[in-house]
Every structure is written in C-alpha cells, then in structure tokens.
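Just below is one structure, and these are the notes that go with it.
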Amino acid sequence: MGYVVDLSVEWSSYAAAAAALGNVLSAANVQTFARRNKRRAVVAMEKLRGFLTQGRLDEKFLLDNLEALMSCMRESNVALRWRFLHARARSKAYREAIHRECASDDETIALLLQTSQLEWRLKAMFETLLREKASKWQACREQSAERLKELSQYFTGEVLLTRVRRDESMVKWFAGVAQTVASLDYEEEHATVTGRKIRNPTPNP
C-alpha cells in the first residue's frame, strides 16, 4: 500500500495548504463520506452474494456478465480501501465518526472475504478460458465450416438439414430479423435509419 500519511497532520505547518484543506475537512464532511462508503459497501455486498450463489457463476454467466462482475469487484475494493485508509486518521473525532457511520468490523471482514472469493474464482475461470482458448476456437471453426457446407448443400434442393434442433433464441432472433425487414421504409427521409437497420437488424441471439 506504500506510505500512508494524514494530510491534516502533515500539512499543518503549511498555512496555505492547511487553510485549503480546512475548507473541506470537517466533521460533517467526514460523516457524509463515511455514510456514502457504508451505502457503497452494502450494495457491493448484495451484488457479491448474488454472484457467488451456488451454481450461478459458470463460464456462460462470466462471459455474458463480465462488465457487471468487474464493476462489482472494483466497487468492493474502493469501499474497502477507503475504509482501511481513513480509519487510520490521527484525529480521534474523525476516527470515531468513521467507525460510527461505517459498518462494523465483522461486516468489513465479511466484505473483504467475499470480494477475495469472487476475485479468486474469476481468476481461476479466466485461467481455464485462456488455457482452452485455442482448442475451443478450432472446434467452433470446424463446426461452423461443417454447418456452412451443409447449408450450401441444402440449397441444391437435394439434401435436407439433418442436424437442426429447436433453439428458442434462434427462433426469436430470426423472427426479430423478419419483423425488422418488414418494417424497412424506402422513403428518403428514413434512409439513414433504414441503412442502420440493414447493417444491424437485431441484437445477437
């Protein structure tokens, strides 16, 4: 963590710096930020518990919710870092305000453990994904090439598609594409919107 200093003490001998710091450093402001930290920690804890629910955090969930997972870890670490740093203030009044407004030590430790568990699990999952990346890419490439060949043979009119299974997401996706195509407008004032729809008819399934 490096060197930790209390600016209210270190800058006390510098009049201008101490005056500038005194404009914002007050018991009321410390209390406000401590309350904000507590709210952030509560929200982070709820998200952590949701992500760490047994059986939820699998490969598909990781890839579909990567941004939310990374945001949760970032928010959790910010809440913890603020608490660890500011709880060491030299001023007794500030320390008491922080301890009074923030969660208990047990809740802080629980947040630390939950954050560590999520980080450990994500690290292990990313290591597995990276290790298997090449083999999965090759398998998907071969499967895509086979399906495309089968599709090309289908259009000869002599071969039926034999490996098609019901897929609700694809059903909805193609239905969405059909709906978008049906809504295309040839009128000139809609040309920009029409071009955008043609390039991206529907979100990915």
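The values are calculated or read from the model by the stated rules, or taken from the named source; none is laboratory data. Please read these numbers as outputs of a predicted model, since none were measured by experiment. All Cβ positions, even for glycine, are placed from backbone atoms using ideal geometry, and neighbour counts span all protein chains on display. The protein model used for the area step is the full one, side chains on, heavy atoms only, and it has no ligands, DNA or RNA in it. Shrake-Rupley method; radii C 1.70, N 1.55, O 1.52, S 1.80 Å.
Summary table
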{"read-out": "In sequence order, calculated HN-Hα J values of region 65-77 (Karplus, 6.51, -1.76, 1.60; Hz; x Gly/Pro)", "value": "10, 4, 4, 5, 5, 5, 5, 4, 5, 5, 5, 5, 5"}
{"read-out": "Surface share of carbon and sulfur [accessible, 1.4 angstrom probe, percent] for the chain", "value": "56 percent"}
{"read-out": "Cα→Cβ-extended label distance, 7 Å offset, between L129 and R147, nm", "value": "2.0 nm"}
{"read-out": "Mean residue ellipticity (222 nm) of the chain, computed from DSSP H runs ≥ 4 via -39,500 (n - 2.57), nearest 500", "value": "-24000 deg cm²/dmol"}
{"read-out": "Among L63, L80, L151, residue whose mean-square fluctuation peaks in a GNM of the chain (springs only between Cα atoms under 10 Å)", "value": "L151"}
{"read-out": "DSSP loop GluC sites (Glu not before Pro) with at most 13 other Cβ within 10 Å: longest gap in the chain", "value": "1-157"}
{"read-out": "Karplus-derived HN-Hα couplings along region 129-143 (A = 6.51, B = -1.76, C = 1.60, θ = phi - 60°), whole Hz, x at Gly and Pro", "value": "4, 5, 5, 9, 4, 5, 5, 5, 4, 5, 5, 5, 5, 5, 5"}
{"read-out": "10 Å Cβ shell holding at most 14 others, DSSP loop, trypsin sites (Lys or Arg not before Pro): longest site-free stretch of the chain", "value": "91-162"}
{"read-out": "Chymotrypsin sites (Phe, Trp or Tyr not before Pro), loop per DSSP, at most 16 other Cβ atoms within 10 Å - longest free stretch of the chain", "value": "15-154"}
{"read-out": "In order through region 50-63: 3J(HN,Hα) via Karplus (6.51 cos²θ - 1.76 cosθ + 1.60), integer Hz, x for Gly, Pro", "value": "x, 5, 8, 4, 3, x, 8, 8, 10, 4, 5, 5, 4, 5"}
{"read-out": "Highest-fluctuation residue, N37, N65, N23 considered, GNM on the chain with Cα pairs under 10 Å", "value": "N23"}
{"read-out": "Angle between the chain longest axis and helix 168-182 axis [Cα atoms, degrees, rounded to 10]", "value": "80 degrees"}
{"read-out": "Sites V177 and A19, calculated FRET efficiency, Cβ-Cβ separation with R0 45 Å, nearest 0.05", "value": "0.10"}
{"read-out": "Top of Q54, Q179, Q153 by mean-square fluctuation, Gaussian network on the chain, Cα under 10 Å", "value": "Q179"}
